[in-house]
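Everything on this sheet refers to the single structure shown next.
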Amino acid sequence: MGEIDDAIERADREGFTRQPPKTLQARINFLMKQLKTTRAVAQEIGVSQRSVERYRKGERKHPPRAIAERIDAAVRARWQPQVRRRRRKQAATTTGITVETRARFGYTAPVGTSDDGRLRRLTVHLPPTYAQRLFNARDAGAGDQQMRQIIAEGFKEIYFQDSGARALELSDVALNDIDYLDLDY
């Protein structure tokens, strides 16, 4: 996954209204409810069906770290889908999305202005249309570069051009060398 995908996942997790199951047995039982069969759970987390049965019965309580991480990721990916959908819909229709990043921004500007890329730390609230475009791109399987471009366009309009109040001749803002990126919606 890319940086933007990871940021969306973190924002989704922050929106949980209840915490996911804590114990291994509870997590496996949750996955069983979601996936219906031990075979499906075993394929999802990369273990044998017998191992899933042992985890489910409590006969085995401490899987290797890699398997524990896969179990955790599978549970979190399926946890509270209605809450995720509701928050995304709200961001895409009314509240928008806040992007906090430290990255190198470059842009194309007229002669006589400084268009050299430089490291900036920005926190910008983007309108719902950008949230909608970002979610649609992610759902369509867009790559990290395409999602970066959507965020860069939002920064161009809202931050650099101040919603049309200045720097109207500015074009092609690029988001490069991301130090960190965090989303909130």
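Key figures for this structure:
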read-out	value
Eligible lysines near Lys61 by straight Cα distance, threshold 25 Å, same-chain separation 8 or greater	Lys22, Lys33, Lys36
Region 1-51: C-alpha gyration tensor shape, a/c 1.5 cut-off, then a/b vs b/c	oblate
Principal-axis tilt of helix 128-139 within the chain, Cα atoms, nearest 10 degrees	50
Of all accessible heavy-atom area on the chain, the percent that carbon and sulfur account for (1.4 Å)	46
Listed peptides 10-17, 138-145 by packing density, highest first (mean Cβ within 10 Å)	10-17, 138-145
Amide H partners (placed H, <5 Å) of Arg60, local residues excluded	Tyr55
Within straight-line cross-link reach of Lys156, aspartates and glutamates at Cα separation under 16 Å, skipping those fewer than 8 residues along the same chain	Glu100, Asp115, Asp116, Glu169, Asp172
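The values are calculated or read from the model by the stated rules, or taken from the named source; none is laboratory data. The model shown is predicted, which means the values in this text are computed figures rather than measured ones. Note: ideal-geometry Cβ built from the backbone for every residue, glycine included; neighbour counts use all protein chains shown. What goes into the accessible areas is simple: the full protein's heavy atoms, side chains included, and nothing from ligands, DNA or RNA. Shrake-Rupley method; radii C 1.70, N 1.55, O 1.52, S 1.80 Å.
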